[in-house]
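Have a look at the structure below before the remarks.
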Amino acid sequence: MNFPKKLIREGRVKLFIPDPDHFRDSSGHFDPAYLPVFYNSRMVFCRDVSILAIQAFQKLKNHEISICDPLTATGVRGLRYAAEVDGVKNIVINDKNPVAVQLAIENLKMNKLNSKIHVECMDARLLFYLYALSKRRFDVIDLDPFGSPAPFIEAAIYGLKDGGMLCLTATDMAVLCGLYPKVCLRRYGSIPLRVAFCYELAIRIVAGYLAKKAAGLDFSIKILLSHGTDHYIRIYSMLERNSSKANYTLKNLGYIYYCSNCGYRQLTCSFLPQSHEKCPYCNSKLLIGGPLWCKEIVDKDFAEAMFNLLWEKKLDNLPILSHFLEIILGEADGPPTFYVIDKLTSRLKVSPPPINQFIDRLKSLGFFASRTHFHPKGVRTNAPINKIYDVLSSKKIQ
Ligand SMILES: C[S@@+](CC[C@H](N)C(=O)[O-])C[C@H]1O[C@@H](n2cnc3c(N)ncnc32)[C@H](O)[C@@H]1O
Ligand SMILES: [Zn+2]
């Protein structure tokens with residue numbers, strides 16, 4: 001490993017990472033992709049959330065669990081799960097890049113975690129098939145790839161125990177948010193939309209893809225938690241081998257119909273798209289996106305269990321995590337999709353009201369209304385679009 005390294009601390013582990021100062025481009029710019037072994041400090045929050053989710057899952061299962069971190073890079077996820085999650089029996093970390101594996105081994109020795117962690121160096125998909133063949137399937141698999149998790153999902157399902165949890169990250173946001181619709185169609189079999197709430201649609205597209213792959217192998221999926229943060233989305237789901245439940249899972253797929261003129265949208269569960277052609281409010285032609293997951297993207301009980309672990313886990317990001325989970329819990333019972341108020345007020349040519357005042361007004365009219373973790377100016381509500389415009393233009397909140 002002939003590159004300069006830097007010693008850092010993340011959570012309860014120490015880590016050698018490639019020294020970022022030695023991997024800048026000629027203009028001094030740094031990107032984690034320039035490193036010989038990937039490490040992104042912007043993902044610490046994501047890994048903190050993973051600690052809470054895996055711990056909540058372990059408590060739910062009420063037995064010791066096995067975890068696979070198949071795209072490990074520096075080993076950070078596997079190491080943190082070994083050091084910070086209780087009730088872990090064993091962890092397998094893997095990377096196809098031998099340089100990454102060498103660094104991960106160095107890191108695991110430094111943290112004296114050799115007894116709990118086993119290291120492999122192969123294609124992640126091969127690892128899933130080999131472990132399935134030798135009946136060493138995992139309770140938890142954490143897919144954290146460059147870009148899209150799609151190439152790994154089917155093999156990961158083979159590697160997962162019945163009732164296991166699949167955690168996945170997607171960072172191909174330009175594709176999922178509609179900049180390259182043909183790539184999205186090819187990769188996920190779904191048409192994306194370029195809308196202000198596209199991170200939520202991205203979760204729904206990837207979850208829909210996972211549901212279809214799982215159903216093909218007789219598994220149902222239940223989404224435990226999902227979030228869209230920074231430059232990525234993350235989904236935690238539980239898979240159960242049950243063909244009748246798998247049939248039911250497919251009923252959770254549908255399409256979104258969206259009016260780019262007034263912001264009207266409707267998400268409908270149906271296997272085939274329906275002929276909603278015109279917006280019922282302004283008569284414009286509707287855009288259609290999907291197929292995608294049209295049901296809950298957060299299980300409130302699971303999110304609550306994560307919230308209850310916050311103080312026990314003593315994570316560095318505690319105030320941010322607590323705020324984040326509070327917002328997630330507040331929006332968990334809400335309808336799909338949210339509105340970004342600035343977009344609506346600019347259509348009306350009025351100035352945006354304080355967000356909490358707007359939410360209170362909608363609630364006082366008997367509607368569901370909450371903030372959303374997806375956007376600082378986002379509001380999740382079941383109020384119809386004409387009612388939302390009425391409230392925004394009324395003197396009461398101006
Ligand atoms: C985004 S990085 C993982 C980051 C890491 N999980 C973390 O939290 O810092 C993706 C890693 O997957 C590895 N990789 C890519 N394709 C792979 C494959 N088919 N099998 C195994 N490893 C692979 C890369 O070498 C890279 O180290
Ligand atoms: Zn319309």
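Every number here is computed from the coordinates shown, using simple stated rules; none is lab data. Predicted, not measured: the structure shown is a model, and the values here were computed from it. Positions of Cβ are backbone-derived with ideal geometry, glycine not excepted, and every protein chain shown enters the neighbour counts.
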Checklist entry - Sorted by mean Cβ packing within 10 Å, highest first, what order do the peptides 280-287, 8-15 take? => result 8-15, 280-287
Checklist outcome for this item: Neighbour-count ranking for 63, 375 (other C-beta within 10 angstrom, fewest to most) reads 63, 375
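Give me the net charge of residue 66's neighbourhood, meaning all other residues with Cβ under 10 Å from the Cβ of residue 66; Lys, Arg count +1, Asp, Glu -1. Could you put the intermediate results ahead of the total?
Numbers: positive: 89, 136, 137, 161; negative: 64, 139.
Neighbour charge sum, excluding residue 66 itself: +2.
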Checklist outcome for this item: For the pair residue 146 and residue 34, the simple spin-label estimate (label points 7 Å beyond Cα toward Cβ) gives in nm 1.6 nm
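Taking square-rooted eigenvalues a ≥ b ≥ c of the alpha carbon gyration tensor, is region 199-319 rounded, prolate or oblate, where a/c under 1.5 means rounded and, failing that, a/b exceeding b/c means prolate? All intermediate terms of the calculation are to be shown ahead of the outcome.
Details: a/c = 2.85, a/b = 1.40, b/c = 2.04.
It is oblate, given that a/c is not under 1.5 and a/b is not larger than b/c.
Dipole magnitude of region 1-84 about its Cα centre, charges +1 at Lys/Arg Cβ and -1 at Asp/Glu Cβ only, in debye to the nearest 20? Before the final figure, lay out the partial values.
On the way: 12 positive and 9 negative charges, 53 e Å.
Magnitude of the dipole: close to 260 debye.
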Checklist outcome for this item: Restricting to aspartates and glutamates and to Cα separations under 19 Å from residue 245, and discarding same-chain partners fewer than 8 apart, the set is 154, 162, 218, 296, 299
Item to check | Cα-based convex hull volume of region 338-398 per residue, rounded to whole Å³ | outcome: 69 Å³
Checklist entry - Taking the chain as a Gaussian network, where each spring joins two C-alpha atoms under 10 Å apart, which residue of 224, 329, 126 fluctuates the most? => result 126
Checklist outcome for this item: GNM on the chain, Cα springs under 10 Å; top mean-square fluctuation among 152, 219, 367 goes to 367
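Placing +1 at every Lys and Arg Cβ and -1 at every Asp and Glu Cβ, with all other atoms neutral, what dipole size does the chain have around its Cα centre, in debye to the nearest 20? If you can, show how the numbers build up before the last one.
Details: 52 positive and 37 negative charges, 148 e Å.
About 720 debye.
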Item to check | Charge-dipole axis of region 42-293 as Lys and Arg at +1 and Asp and Glu at -1 on Cβ define it, positive-most pick from 192, 228, 72 | outcome: 192
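For region 64-202, compute Rg over Rh where Rg is the Cα radius of gyration and Rh is the Kirkwood radius from the inverse mean 1/r over Cα pairs.
Radius of gyration relative to Kirkwood radius: 1.03.
Ranking request for peptides 157-166, 67-76: highest mean number of other beta-carbon atoms within 10 Å first, then the rest in descending order.
67-76, 157-166
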Checklist entry - Taking one equal scatterer on every alpha-carbon of the chain, how large is log10 of I(q)/I(0) by Debye at q = 0.11, 0.14 1/Å? => result -0.83, -1.26
Checklist outcome for this item: Cα-Cα longer than 30 Å, checked against 6/222; 300/363; 14/212, kept in input order, equals 6/222; 14/212
Item to check | Spin-label pair residue 350/residue 323, simplified geometry with 7 Å Cα→Cβ offset, distance in nm | outcome: 2.9 nm
Item to check | Cβ-placed point charges (K, R +1; D, E -1), dipole of region 338-398 about Cα centre in debye, nearest 20 | outcome: 60 debye
Checklist entry - What is the calculated FRET efficiency for residue 274 to residue 387, with r their C-beta to C-beta distance and R₀ = 22 Å, to the nearest 0.05? => result 0.40
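Percent antiparallel among DSSP beta bridges with both residues in region 42-293, to the nearest 5? Please list the in-between numbers first.
On the way: 28 of 44 bridges.
Restricted to region 42-293, the bridges split so that about 65 percent are antiparallel.
Run the numbers for residue 283 and residue 86: contour at 0.36 nm per residue of separation, minus the present Cα-Cα distance, in nm. Spell out each step's value before the answer.
Values: separation 197, 0.36 × 197 = 70.92 nm, distance 5.59 nm.
Gain in length upon complete extension: 65.3 nm.
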Item to check | Rounded to 10°, Cα long-axis angle of helix 198-216 versus longest principal axis of the chain | outcome: 60 degrees
